[in-house]
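*Asks:* The structure that follows is given in the form of structure tokens.
The values are calculated or read from the model by the stated rules, or taken from the named source; none is laboratory data. Note that the coordinates shown come from a computational prediction; the quantities given were computed from them, not determined experimentally. With ideal geometry, Cβ positions are generated from the backbone for all residues, glycine too; neighbour counts draw on all protein chains shown. The area values use the complete protein model at the heavy-atom level, side chains included, leaving out ligands, DNA and RNA. Shrake-Rupley method; radii C 1.70, N 1.55, O 1.52, S 1.80 Å.
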Amino acid sequence: MSFDSDTSSQGGDHRSFLQITRDRLLFEMLRSTRKNSKSTWKVLIMDKFTVKIMSYACKMADITEEGVSLVEDLYKRRQPLPSLDAIYFIQPTKENIVMFLSDMSGRSPLYKKAYVFFSSPVHKELVAQIKKDSSVLPRIGALSEMNLEYFAIDSQGFTTDHERALEELFSENAEGSHKYNACLNTMATRISTVFASLREFPRVHYRVAKTIDASTMTTLRDLVPTKLAAGVWNCLAKYKMTIPEFPQTETCELLIVDRSIDQIAPIIHEWTYDAMCHDLLCMDGNKYVHEVPSKNGSATEKKEVLLEDHDPVWLELRHAHIADASERLHDKMTHFVSKNKAAQLHQARNGGELSTRDLQKMVQALPQYSDQIDKLSLHVEIAGKLNNIIREQCLRDVGQLEQDLVFGDAGTKEVINFLRTQLGVSRENKLRLLMIYAALNPEKFESDKGAKLMQLAGLSDDDMIAVNNMRCLCGPDTKKSTGGGFTLKFDVHKKKHAHRKERTGEESAWALSRFYPVLEV
């Protein structure tokens, strides 16, 4: 989920969403413990989920600057540090409370004092459990709800860490499943904590379940947006009463829809630099691993880098078309060489093109250029790797057919011809192509039609399940006429069966940039 503006409407706060999240963790949580603590340095203890929250928003240097000398895992065995205070940033679960009480109870607690911050609202029963232990209570310096339980993935976006949400909410087994309600409740809580951080009270809009007629039963799958909206609203109503300075009237808009409004967007190849990196490279979140020359120059070594807002090149190019990004990177490198006298001398001496590796070696003695060339070299390498993958996997042909299907310029004939002739296309890309085709034409996969297409593509029965699952997200078939009789058709020209309309006045210089999602920010 993302926002269409970096600014908050409440009080004219011009910090980005990521910055707001970072400030809350560093100042509202860590720095607040300084007031009543005699310990200069503290231990920060987190569970597996909250450590992810922290790592998305803050660097280790930020945490150390706020007086944290050691970061520990709640569930790992820890050395007693009775002279130091501890800050607990944990989810309010029964298991976490048991671990906390184990740390701080008895005659020999692990830490001198504990400042406890919960990522989301804590149940009264768990608070009562803490208060029961008379040895722990005097050792608690703070017991607070941070209401911050999401991953701030960039300056405007966040996730709630529900990778299996589609399966838990939309599968055939979702009806009456415990996972269905648990997923919705947790998701509602985490979305609500975003507004707790922003100090915004949204007007909640959601997609209402639609049926063809009164005889069609509404399923739990149809009710996902309705139930999620109700859960978010219940959390927000509590915030109005419990969070200081939380708005009492609506200040912004929240729109809740489900994936059925646009099944194609997550599957079709998107051609922006950011999308290509996450689609084609083996990245872990925003972490990219590449090889750089070692300091002694004898070999290469692996280096991890984060593609995030701190990188100005990434920030500038991430939403550009891959072809545009490649051209701009070439121009940037050329400009760098033209402005760098040492680079010019090196180029003149060799009488040829300046390679990235040569440039890296040359600027080792020029620290003022080091950071700039490192970032440029990184993105030149990434763009080159992406273009090689695009060429090797015939992605331009795949992408062309994908978009032709969406815009009604191709159909069954073109899909069959493609599967018969393009033998170099990978299994994954054939699968994605058929998932798009199934989302656009679910009727084409009835009876044995789908099986024949899958057989032609050389895909397995497991792949067939993925294709058929696209039909689970389809709404009721409203294409069929409910009226009787017949109609006269005088238009002899075949009309395009398009699922997206061409945008007028937005012609792009770059190929494969026609597709756009139903909802855009």
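*Asks:* How far is it, in nm, from the label point at residue 511 to the one at residue 226 when both lie 7 Å from their Cα along the line to the Cβ?
*Replies:* It is 4.7 nm.
*Asks:* Still on this structure: Please report, to one decimal in angstroms, the Kirkwood hydrodynamic radius of the stretch 372-443 built from all distinct Cα-Cα pairs.
*Replies:* Every distinct Cα pair counted, the radius reaches 13.8 Å.
*Asks:* Past 18 Å, Cα to Cα, is the threshold; run 303/332; 35/113; 413/449 against it and keep the listed order.
*Replies:* Checking Cα-Cα distances, 303/332 exceed 18 Å.
*Asks:* Related question: What does the charge count around residue 278 come to, taking other residues whose C-beta lies under 13 Å from its C-beta (Lys +1, Arg +1, Asp -1, Glu -1)?
*Replies:* -4
*Asks:* Per residue, how much accessible area does the stretch 129-197 have with a 1.4 Å probe, in Å²?
*Replies:* I get 46 Å² per residue for the stretch 129-197.
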